[in-house]
Amino acid sequence: MPKVASAHDKILIVDFGSQVTQLIARRVREEGVYSEIVPFQKAEAAFREMKPKAVILSGGPESVHEAGSPRAPQSIFDSGVPVLGICYGQMTMAAQLGGEVEGGHAREFGRADLEVKAPSNLFDAIWSIGEKHPVWMSHGDRITKMPPGFVVAGVSANAPFAVIQDEKRKYYGLMFHPEVVHTPDGAKLIRNFVRKVAGLTGDWTMRAFREEAIEKVRAQVGKGRVICGLSGGVDSAVAAVLIHEAIGDQLTCVFVDHGLLRLDEARTVVDLFRHHYNIPLVHVDASKQFLGELAGVTDPEVKRKTIGRLFIDVFDAEAKKIAEKGQGSADFLAQGTLYPDVIESVSFTGGPSVTIKSHHNVGGLPARMKMKLVEPLRELFKDEVRILGRELGLPEIFVGRHPFPGPGLAIRCPGEITKEKLDILRNADAVYIDQIRKHGLYDQIWQAFAVLLPVKTVGVMGDGRTYEYVVGLRAVTSTDGMTADFYPFEMKFLGETATRIINEVKGVNRVVYDVTSKPPGTIEWE
């Protein structure tokens, strides 16, 4: 579990398996309060160690009335700290404190209207008695008997106990999800819990994080040497600059060109670190090795694991070369692991999330390597990394880059990977991003990229027939990366972009635009 300075106010989030638990942490952190997610199985120990000022119980897929369903540690309720239960968290809180929960009632999924029935500290300056407000529901069970001391503060059509509270003990339960954007006032409700109920002031700033992270790196590394794996993305770049600020020339960055980079990406990264920051950098061209081992591989998960393994091999080899040059052996490997990488790589309730971040070595390095991991961003979400990058002075054109999931272009090229297909994809992607920038749309879009579809179509170009690839374009808007919607390009833009790609990229004769949305509850956009 990540450590933060004990002086900071902290909120513990007990995860019962909801796919949007991350959003709770993000909403709390938006209030300047450090929050940490732990699976319910480890909540007892985490509560003792963390000593939080408040606790939030997340939603989850289980039913409280079923035997063996998860529970919150009793020590949380015995401690006297404020508790907010959301969905499953509300129901287990009610059951553990003397109420009753049953299944088999009318389900309620999606948008619902909540009617305010009583004043509440959660509603202060937001909602008033008698008003109705839209919320996002996701439940099939309901509370049928209130625990002693609780009153109803809000109801919906299928949830007579949609909001319950015991304001004397500072216990609150919400049947709906305030953390998702589909509950318009949800962030304000969480703010009231953090500020008015728990009384936290919000002292966790990015400047404070920067100072503490630098001290942690110095304490962990001592006089040892660190190799930092640069991927070309924001995360590893910010990690490298932060570590360099902490230990200077004890850091050597290794940038591996695996042949799966976007157009001119290698030059951009090398220029930034060698000329802008003057950080020692080793540029390794391992494209033949990577593409050789990926030849014939079509399964995206096998691609990820192959690339992850090869990265480790390259870093291990470079560490040995540094030692042979008399610069001292590398004791640590640094990488830009983020908090979502950590919590999504732990299957809290037996779900599929353990496979999602398989290209990150969040579980540790192979035993054959003699290095330990340094992960200074392990406590941060993506938007927080961008703020830290600006705090460290990284250029905006680098900090503001769209996230690019998957190991390079490997997952943007379904089916077998070949140099020819990668070149086509690389050039089409460059035209697409150039179009977005020229039209002033880049900062309005959360993520955009091209995909080379594993099909060819017959087309007519001029007086001849062609048999070439189809390129798919994707662009989405999002506030948190957990839910997303396609960007509504004008047809003029799409037509102009398709024409440019077909004219400028040899091997493409058709372009399509993906209008798939990413609904609530989906873990990864890919």
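The values are calculated or read from the model by the stated rules, or taken from the named source; none is laboratory data. This structure is a prediction, so every number in the text was calculated from the model and none was measured. Because the Cβ atoms are built from the backbone with ideal geometry, glycine has one as well, and the counts that use them run over all protein chains shown. Surface areas here come from the heavy atoms of the whole protein model, side chains and all, with no ligands, DNA or RNA. Shrake-Rupley method; radii C 1.70, N 1.55, O 1.52, S 1.80 Å.
Per the Debye formula on identical point scatterers at the alpha carbon atoms of the chain, with no solvent, log10 I(q)/I(0) at q = 0.10, 0.13 Å⁻¹ is -0.88, -1.28. Under conditions of 10 °C and 1.306 mPa s, the stretch 136-287 yields 79 µm² s⁻¹ as its translational diffusion coefficient, taking Rh as the Kirkwood radius over Cα pairs in the Stokes-Einstein equation.
Of the residues 335, 202, 498, the one whose Cα sits farthest towards the positive end of the charge dipole of the chain is 335 (charges of +1 on Lys and Arg Cβ, -1 on Asp and Glu Cβ, taken about the Cα centre).
Potential lengthening of the chain between residue 288 and residue 7 amounts to 96.1 nm, from the contour at 0.36 nm per residue minus the alpha-carbon distance. Pairs of lysine residues in the stretch 163-256 that meet both criteria, 8 or more places apart or on different chains and Cα atoms under 28 Å apart, total 5. The Stokes-Einstein estimate for the stretch 122-201, based on a Kirkwood radius over Cα pairs and taken at 20 °C with 1.002 mPa s viscosity, is a diffusion coefficient of 162 µm²/s.
Taking Cα centre as origin and charging only the Cβ of basic (Lys, Arg, +1) and acidic (Asp, Glu, -1) residues, the dipole magnitude of the chain rounds to 580 debye.
Computed on the chain, with alpha-carbon pairs under 8 angstrom and 6+ residues apart, the relative contact order is 11 percent. Over the chain, accessible surface divided per residue gives 41 Å², non-protein components excluded, 1.4 Å probe. Taking each residue as 0.36 nm, the span from residue 485 to residue 438 lengthens on full extension beyond its C-alpha to C-alpha distance by 14.7 nm.
For the stretch 370-472, relative contact order (Cα pairs under 8 Å, six or more residues apart, normalised by length) works out to 21 percent.
Using the alpha carbons alone, the radius of gyration of the stretch 50-101 stands to its Kirkwood radius in an Rg to Rh ratio of 0.96.
Projected onto its three principal axes, the C-alpha set of the stretch 27-180 covers 42, 38, 28 Å, listed from the longest axis down. Report D for the stretch 383-461 in µm² per second (integer): Stokes-Einstein, Kirkwood Rh on Cα pairs, 10 °C, 1.306 mPa s. Translational diffusion coefficient: 108 µm²/s. Charged side chains reduced to their Cβ positions (Lys and Arg at +1, Asp and Glu at -1) give the stretch 45-101 a dipole of some 280 debye around its Cα centre. Subtracting the Cα-Cα distance of residue 325 and residue 420 from 0.36 nm times their residue separation leaves 30.5 nm of extension gain. Kindly flag which residue pairs out of 370/421; 320/372; 288/321; 305/372 have an alpha-carbon separation exceeding 26 Å in this structure. Cα-Cα > 26 Å for 370/421; rest within. Projecting the Cα positions of 247, 300, 278 onto the charge dipole of the stretch 247-345 (unit charges on Cβ atoms of Lys, Arg, Asp and Glu, taken about the Cα centre) puts 278 furthest along the positive direction.
As a rough guide to protection, the peptides 91-98, 78-85 ranked by mean Cβ packing within 10 Å, highest first, stand as 91-98, 78-85.
Taking only the C-alpha atoms of the stretch 253-326, the Rg (one decimal) and the largest Cα-Cα distance, Dmax (whole number), read 13.8, 42 Å. Across the stretch 100-161, Cα pairs under 8 Å and at least six residues apart give a relative contact order of 48 percent. Restricting the calculation to Cα atoms, the stretch 411-519 shows an Rg/Rh of 0.98 when the hydrodynamic-style radius is the Kirkwood one. A straight Cα-to-Cα reach below 24 Å connects residue 438 with the lysines 492, 506, residues fewer than 8 places away in its own chain not being considered.
For the chain, adding -39500 (n - 2.57) for each run of n ≥ 4 DSSP H residues and dividing by the number of residues yields -9500 deg cm²/dmol at 222 nm.
Using the average count of surrounding beta-carbon atoms within 10 Å as a protection proxy, the listed peptides 432-443, 291-302 rank, highest first, as 432-443, 291-302.
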